[in-house]
Amino acid sequence: MSAREAKCKQLRQNQRVPHIRLIEVDEATGALAEEYSAAIGRAGKVFNIVKAMCLNPRVLNRSMELYKAIMFGPSELSRVERELLAVVVSTANDCHY
């Protein structure tokens with residue numbers, strides 16, 4: 001059993017899993033509703049990684065600006081190469097991309 005699997009098993013046994021309160025799209029107002037609308041415009045939905053920053057819309061906005069700069073800004077890497085790197089990193093982190 002890997003260290004990661006052992007940690008997951010321990011968390012399940014202890015039943016103590018951290019919880020982040022997420023605000024759903026239909027509950028969002030103000031700046032958060034604007035960020036969610038932009039996310040839907042970009043991807044057709046609001047991914048949980050975006051919702052994880054919902055309690056601080058300013059941080060969410062800055063994070064999205066950073067994301068757009070990395071993925072769409074000037075670079076020696078093509079858009080396809082950037083997406084490929086994102087998939088590789090997500091896979092290495094056992095994160096569903």
Checklist (1) part of a helix (DSSP H, G or I); (2) closer than 28 Å to His19 by Cα applied to Leu84, failing item: (2)
Residues within segment 61-97 that are small (Gly, Ala, Ser) and surrounded by 12 or more Cβ atoms within 10 Å (Cβ to Cβ), tallied: 4
Candidate set: segment 12-34, residues that are surrounded by 10 or more Cβ atoms within 10 Å (Cβ to Cβ) and in a helix (DSSP H, G or I); chosen: the one modelled with the lowest pLDDT: Arg12
Cβ-Cβ under 9 Å pairs, at least 6 apart or on other chains, segment 7-31 side farther than 30 Å from Met64 by Cβ, far side among the charged types (D, E, K, R) and at pLDDT below 90: none
Filtered residues of segment 38-48 (kept if touching a helix residue (DSSP H, G or I) at 6+ places or on another chain (Cβ under 9 Å) and either in a helix (DSSP H, G or I) or at pLDDT below 95 (or both)): Ala38, Ala39, Ile40, Arg42, Ala43, Phe47
Top-ranked residue in segment 43-60 [being among the basic types (Lys, Arg) and surrounded by fewer than 14 Cβ atoms within 10 Å (Cβ to Cβ); ranked as nearest to His96 (Cα to Cα)]: Lys45
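I'd like to know if segment 60-69 contains one or more residues that are hydrophobic (A, V, I, L, M, F, W, C) and under 20 Å from Leu22 (Cα atoms).
Narrowing segment 60-69 to residues hydrophobic (A, V, I, L, M, F, W, C): 60, 64, 66, 69.
Narrowing further to those that are under 20 Å from Leu22 (Cα atoms): 60, 64.
Yes, segment 60-69 has at least one match.
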Close pairs (8 angstrom Cβ cut-off, 6 or more residues apart or separate chains): farther than 12 Å from Glu24 by Cα in segment 43-72, outside any helix (DSSP H, G or I) and aliphatic (A, V, I, L, M) anywhere: Val59/Met53; Leu60/Met53; Ser63/Met53
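The values are calculated or read from the model by the stated rules, or taken from the named source; none is laboratory data. Since we're looking at a predicted model, the values are computed, not measured. Note that we place each Cβ from the backbone using ideal geometry, even for glycine, and neighbour counts take in every protein chain shown.
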